[in-house]
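What follows is a set of notes on a single structure, which appears directly below.
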Amino acid sequence: MDIHLSDPRHDRLARSIAERVAERGGRARYVGGAVRDHLLGLRIEDLDIEVIGLGPDDVHAAVGEVAKVSLVGSSFGVFKVHGAPIDVSLPRTERKVGRGHRGFEVEVDPHLPPERAAARRDFTINAIAVDPLTDEVVDPFGGRADLDARVLRHTSDQFREDPLRVLRGMQFVARFGLAPAPATVAVAAGIEPEGLAPERVFEEWSKLVRRGVAIGAGLEFLRATGWHHHTPELAALVGVPQDPEWHPEGDVWTHTGHVMDAFAAARLGDDEEDLVVGFACLCHDLGKPATTAWIDGRWRSPGHEAAGVPPTRAFIGSMTNQRGLADDVARLVADHLKPDQLYQADSTPRAVRRLAQRVVRLDRLLRVAHADRNGRPPAPDDGFPAADWLREQAAALDVADRAPEPIVRGRDLIDLGLAPGPQFKRLLDACFEAQLDGDVTSVDDGLALVRRLLDDI
Ligand code: ATP
Ligand code: MG
């Protein structure tokens, strides 16, 4: 197996580390995600190297011959190579002794048998090791076969020692289109999310959103393990009925899975954009559990867009305090039906400008609306005229990817001879409102309005 990092400089460095290790009588092996990704034919950006047969000082010295290096933590035997995304570690056993992901007793042992070193890894597909100098493969848990068969399987009973592994499983299922082994679902179902740091949880959800392909399957893994209950806002979607004509796919949970798959299929590859739009897709119907009722012979969810804002903030807020993300996502959730509604109502530029003012980014809203629309199999993809219309309107009004900017500014009022004071904000607000309505299109229009308002006082 001939594994290479995509950056040739990093690749050469990794190989020279392996050579320096060999010169001292040890062996270096590439392990973890790099091996898995190589087998999947994916680009390899970062690398974990495990060195066997050398003590920590020798490893430090060997790596130090070719790169600047620093020890991570105190005694876990992990070295970070400076200037390259390469970590070098020693084989170790980990034993759960306390709460949380730091509650492990770690024992570094250069002579640990490979199966024992691999047993602390979460999944078989992440527990394959390759010697880059001899190409020898060490695969004690059958990770290659599982990867070929697209199966997610835990390596050992130690799996239950770190609850984060369940969420890692969710995003691996989604990223690589894996089917979880029944035994893995069963083990995961017995794990409580005790002591999980919110930022680690957020990291896994972010990977699900940014990198998942079969995101619906990842969410199903969560449900199969009962772990969806640890995100109550999402769990509430299970079993919420929808009108079968509008939603032939089934309940809101099922719909959300399909919407995520549709989102993934149309991802931009821009991490920041994808994160906001992906979370908005995930949260778009969180208001349905509270609003769904049998009305006039159909299941309807009046006002579910606005009702979705509090659960959206609760879900995102439970993982991260990035206010910007919660705000951006909540805006999209609150207006996610607007493209259709404005189109049906044959709305004016004024309504489009006001929508742009609220959601800030109509391009993001359009991506959410598209995913929502496409997340309804087996409904045919027969175009989306509402989105086409809104895209054209947004472009014509220059609000496709930003909110309208006020034309009249404070300095214009000062130029008019007005002194800054409490009335400033009132006048500027009035100008901006008139601008959104299309009545003010230039500074002169705005100042004319200001003069009229001042005359009225
Ligand atoms: P990614 O592409 O998301 O980085 P990865 O498999 O490389 O996937 P990392 O978090 O970079 O994941 O970890 C590298 C390797 O370390 C994993 O492949 C796995 O063998 C091991 N590992 C990481 N975190 C855990 C964990 N919480 N439990 C068990 N093994 C883990
Ligand atoms: Mg990795």
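None of the figures in this text is laboratory data; all of them are computed from the coordinates on show. Keep in mind it's a predicted model, so treat the numbers as computed, not measured. No Cβ is skipped: glycine too gets one built from the backbone with ideal geometry, and neighbour counts run over all protein chains shown.
Data table
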| read-out | value |
| --- | --- |
| Compactness relative to 2.2 N^0.38 Å, alpha carbon Rg of the range 303-398 | 1.14 |
| Under the Debye formula (equal points on every Cα, no solvent term), log10 I(q)/I(0) of the range 7-71 at q = 0.19, 0.23, 0.27 Å⁻¹ | -0.72, -0.98, -1.20 |
| FRET E, pair Thr348, Arg451, Förster distance 35 Å, beta-carbon r, rounded to 0.05 | 0.85 |
| Mean separation of Cα contacts under 8 Å, 6 or more apart, over the residue count of the chain: relative contact order % | 9 percent |
| Point-charge dipole on Cβ atoms (K/R +1, D/E -1) for the chain, about Cα centre, debye to 20 | 740 debye |
| Relative contact order for the range 349-441, counting Cα pairs under 8 Å that sit 6 or more residues apart, in percent | 38 percent |
| Three-way shape label, the range 192-282, alpha-carbon gyration tensor, a/c 1.5 | oblate |
| Value of Rg to Rh for the range 47-100 (Rh from inverse mean 1/r over Cα pairs, i.e. Kirkwood) | 1.01 |
| Cα-based convex hull volume of the range 285-327 per residue, rounded to whole Å³ | 52 Å³ |
| Backbone HN-Hα couplings from phi across the range 340-350 [Karplus 6.51/-1.76/1.60, Hz, Gly and Pro as x] | 5, 5, 5, 5, 4, 7, 6, 6, 8, x, 4 |
| Per-pair calculated FRET efficiency, R0 = 30 Å: Asp388 and Ser442 via Cβ, rounded to 0.05 | 0.50 |
| Student exercise, the range 264-392 dipole from Lys, Arg, Asp, Glu Cβ charges, in Debye to nearest 20 | 460 debye |
| Trypsin sites (Lys or Arg not before Pro) within the range 387-457: DSSP coil, no more than 16 neighbouring Cβ in 10 Å | Arg402, Arg409 |
| Relative counts (whole %) of C-alpha pair distances in the chain, using bins that are 10 Å wide | 4, 17, 23, 20, 15, 11, 7, 3, 0, 0 |
| Proxy reagent accessibility, fewest Cβ within 10 Å first, across Met1, Met170 | Met1, Met170 |
| For the range 257-328, the fraction of alpha-carbon pairs in successive 10 Å shells from zero, as % | 19, 42, 30, 8, 1 |
| Rounded to whole Å, sorted largest first: equivalent-ellipsoid semi-axes of the range 349-432, Cα gyration tensor | 39, 11, 8 |
| Reachable aspartates and glutamates, given that their alpha-carbon falls under 13 Å from the alpha-carbon of Lys288 and they are not under 8 places away in the same chain | Glu233, Asp243, Asp251, Glu305 |
| Two-site FRET efficiency, Ala314 against Arg411, from Cβ-Cβ distance with R₀ of 60 Å, rounded to 0.05 | 0.90 |
| Whichever lysines have a C-alpha closer than 20 Å to that of Lys68, once near sequence neighbours (fewer than 8 apart) are set aside | Lys80 |
| In Hz, Karplus ³J(HN,Hα) per residue of the range 113-124 (6.51, -1.76, 1.60; θ = phi - 60°; x = Gly, Pro) | x, x, 5, 6, 5, 6, 5, 7, 7, 6, 10, 4 |
| Packing-based exposure ordering (other Cβ within 10 Å, fewest first) of His60, His370 | His60, His370 |
| Pairwise label distance in nanometres, Gln322 with Glu245, each label 7 Å out on the Cα-Cβ vector | 4.1 nm |
| Value in Å of the Kirkwood radius, where the range 265-424 supplies the Cα pairs that are averaged | 17.5 Å |
| Cα-based radius of gyration of the range 41-194 once divided by 2.2 N^0.38 Å, which approximates compact folds | 1.09 |
